[in-house]
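The values are calculated or read from the model by the stated rules, or taken from the named source; none is laboratory data. Quantities reported herein were computed from a predicted structural model and do not represent experimental measurements. Because the Cβ atoms are built from the backbone with ideal geometry, glycine has one as well, and the counts that use them run over all protein chains shown. For accessibility, only protein heavy atoms count, side chains too; no ligands or nucleic acids. Shrake-Rupley method; radii C 1.70, N 1.55, O 1.52, S 1.80 Å.
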Amino acid sequence: MYCIMKNKLLLALLLVFSVGCLCAQNGEDDGEGGVWEWGNDPQRAKETYTIFSDDVRSKNFKGSLEPLNWLLQNTPNLNKSLYQKAVRVYNGLLADEKDETLKKNYQDKALEMFDLRVKYFGEEADVLNLKGNYAASYWGQRPDKITALYDLYARIIELNAEKTFARNIQSYMWLVGIMKNNKLKGVDENKVVEIHEKLTGIIEKNLEKGENQEEWEQTLDYVDAQYKTLVTIDCAFIKNKMIPEFEKIDPLNEIYIKELENLVGNMLKAECTEDPRFFEFSEKLALKAPTFGRYNFLIRAYISKKDLNKALEYLDKAAPLAESASDRAEVFMTKARIKSQQGNKGGAKADFMQAVSIDGTKAYEAYTAIGDMYLSSGCPGITLNPDDATQKENTCTKKAFAIAAYNMYVRAGNSAKAAQAQSYFPTKTDIFTYSMGGKQVSVGCFIGETVTIPAL
C-alpha cells in the first residue's frame, strides 16, 4: 500500500510540475484560452487535480470520487475541464452500476456538473445543449423530473435556436406530448401548434445548411408524427392552422415537399376532399414530386370533373412512372376509354391494342371494347376487286362492320357479344343476291380491316 501511494505521489509531483509551468499563479491562462484558479492551497489543488485526472484517464471512476469531491468543494472555479471530466466520471460509474438508488444519484450528479459549469464558466447555451444529450435518458422515466426536463429543453431551444442539437429537438417534442397529455403547465393544443411551428422552423434552417441531412429529416418525421397525435386534425384545424403554417414555407426549401405531402395526407384522412384547396395542393404535390399514384389520383379527379383533356395530359405523365405492366396497361386502357368517349375511335383503338401488348390479361376487356366501337360504327366497306360488278355499295358491304366486330369479339373470347354481332351479318339472301359469298371487303373509317363475307 505504501508503494502504491508513493508511486501516485511521485506521478502527481511530476504532473504538478508540468501544470505549474503553465499555471504558476492563480488566474494564469493555460495557453489554450482556459484559466486555472487553484484556490487557497494551490499546491494541494494541483496534486489533487493530477491524481484525479490520472484516475479518469485510467477509468478508475470510483477512485476518482474522493479527489473530485475535494476539488468541487475547494476549487469550484478551477477550470471548466474539471466539470467535463466529472461528467465522464459519473457516466462511467453509471455504466456498470446495478443499484437503482445509486444509479439515480449518479444521473443527478452528472447533470449537476453541467449546471455548475454554467455557474462558474458561463457558456449557458452550449453547455445546456450538451446537457440535453443526457437529460432525457436520465430523467425521462422519473415523473418527478418531467416538468424540470420540459423547462430545460425549452431553455435549450430558446438559447440555441437553429444551433440546437437534433436529438434535443426530438426530446423536447416528446416532452411536449407528456405535458399536454397530463395537462401540465398549460400545454394545450394551441401551445402544441406554437411549439411545432417553432421546431419546424429550426429544422427547416438546418436542412437548408445541407449538413446531417438524414438526421434532420428523421427529426422532422418524428416531430410531425408526434404532432399528429397531440392535436385534433379536422377540416377546421387544417384550414385555420395547418394551411397558414404551410404557406409560410419557401417552395424552394427542402422541407416544402414533405410538408405538402403531410398536408395532403391530413386532408385525406380528415375527409376534407371537398375543400377546393385540397385539389390545388394535390396537383402541386404531383408536379413537384411526381409518382404514379399521385398522377393517378389527379386523373380520376379530372375524369370526375369531366375535364377529359386534362386527364389525358396526366395519363401521358403517369405512364412512364407506372411500377408494373398492369398499371402501365391500365393507363392505356383509361386513355382509350376517354378517347372513345370523345369520338376519337381510331386513337382509342390504338390505345386498347397497346394495352394488350403490354399486359395480355387486358385482352378480353380491350378487344370487347374495340368490338363495341366497330359494331356501333356503321362503317361501310368496299370489295377488294375494283372490276367486280358487285363492288358498288350493297347490303353486304354495308354490314361488313358487323363481321369486323364479330372477329374482335372472338379474339376477346366473348361468345355472347360475338353472337350479338352475328345478328347484324348480311342475310343469306343478300349474299346470294350480290354474289358476295367468300369475298373480301375492306372496311373503312377507323376500322381499317379486311373481312370475308360468309360463304353460303
Check your understanding: When you look at residue 108, is it modelled with pLDDT of 95 or more, under 30 Å from residue 169 (Cβ atoms) and open to solvent by 70 Å² or more (accessible area, probe 1.4 Å), yes or no?
Key -> no
**Study point:** Residue list for region 443-456, filter: open to solvent by less than 40 Å² (accessible area, probe 1.4 Å) and either of a type in the set (A, V, I, L, M) or not in a loop (DSSP other than H, G, I, E, B) (or both)
**Key:** 443, 447, 451, 453
Review point. Can you tell me which residues in region 404-414 are open to solvent by 60 Å² or more (accessible area, probe 1.4 Å) and either within 10 Å of residue 375 (Cβ to Cβ) or in contact with a Lys or Arg (Cβ under 6 Å, 6 or more places away or on another chain) (or both)?
Key: 406
Practice item. Within region 301-321, identify whether any single residue is open to solvent by 30 Å² or more (accessible area, probe 1.4 Å), part of a helix (DSSP H, G or I) and farther than 22 Å from residue 334 by Cα, and answer yes or no. Key: no
Review point. If only one of 439, 417 is touching a residue at least 24 places away in the same chain (Cβ under 8 Å), open to solvent by 40 Å² or more (accessible area, probe 1.4 Å) and under 18 Å from residue 370 (Cβ atoms), which one is it?
Key: 417
Exercise for review: Please go through region 269-296 and pick out each residue that is among the small types (Gly, Ala, Ser), surrounded by fewer than 16 Cβ atoms within 10 Å (Cβ to Cβ) and in a helix (DSSP H, G or I).
Suggested key: 293
Review point. Taking region 391-403 as the search range and keeping residues that are buried (at least 20 other Cβ atoms within 10 Å of the Cβ) and touching a Gly at 6+ places or on another chain (Cβ under 8 Å), which one is modelled with the lowest pLDDT?
Key: 397
Practice item. Could you pull out the residue among 189, 123 that is within 30 Å of residue 36 (Cα to Cα), of a type in the set (D, E, K, R) and either modelled with pLDDT under 95 or surrounded by fewer than 15 Cβ atoms within 10 Å (Cβ to Cβ) (or both)? Key: 123
Check your understanding: How many residues are open to solvent by less than 10 Å² (accessible area, probe 1.4 Å) and without any contact (Cβ under 8 Å) to a residue 40 or more places away in the chain if we restrict to region 197-223?
Key -> 1
Exercise for review: Give the residue that is surrounded by the most Cβ atoms within 10 Å (Cβ to Cβ), with candidates limited to residues of region 60-103 that are farther than 28 Å from residue 141 by Cα and charged (D, E, K, R).
Suggested key: 80
Check your understanding: Before we move on, is residue 291 closer than 30 Å to residue 236 by Cβ and at pLDDT below 95?
Key -> yes
**Study point:** Residue within region 375-394 that is over 28 Å from residue 299 (Cα atoms), part of a helix (DSSP H, G or I) and in contact with a strand residue (DSSP E or B) (Cβ under 7 Å, 6 or more places away or on another chain) present
**Key:** yes
**Study point:** Where a residue in region 137-157 is in contact (Cβ under 8 Å) with a residue 40 or more places away in the chain and its partner, wherever it lies, is surrounded by 15 or more Cβ atoms within 10 Å (Cβ to Cβ), with Cβ under 7 Å and at least six apart
**Key:** 157/164; 157/172
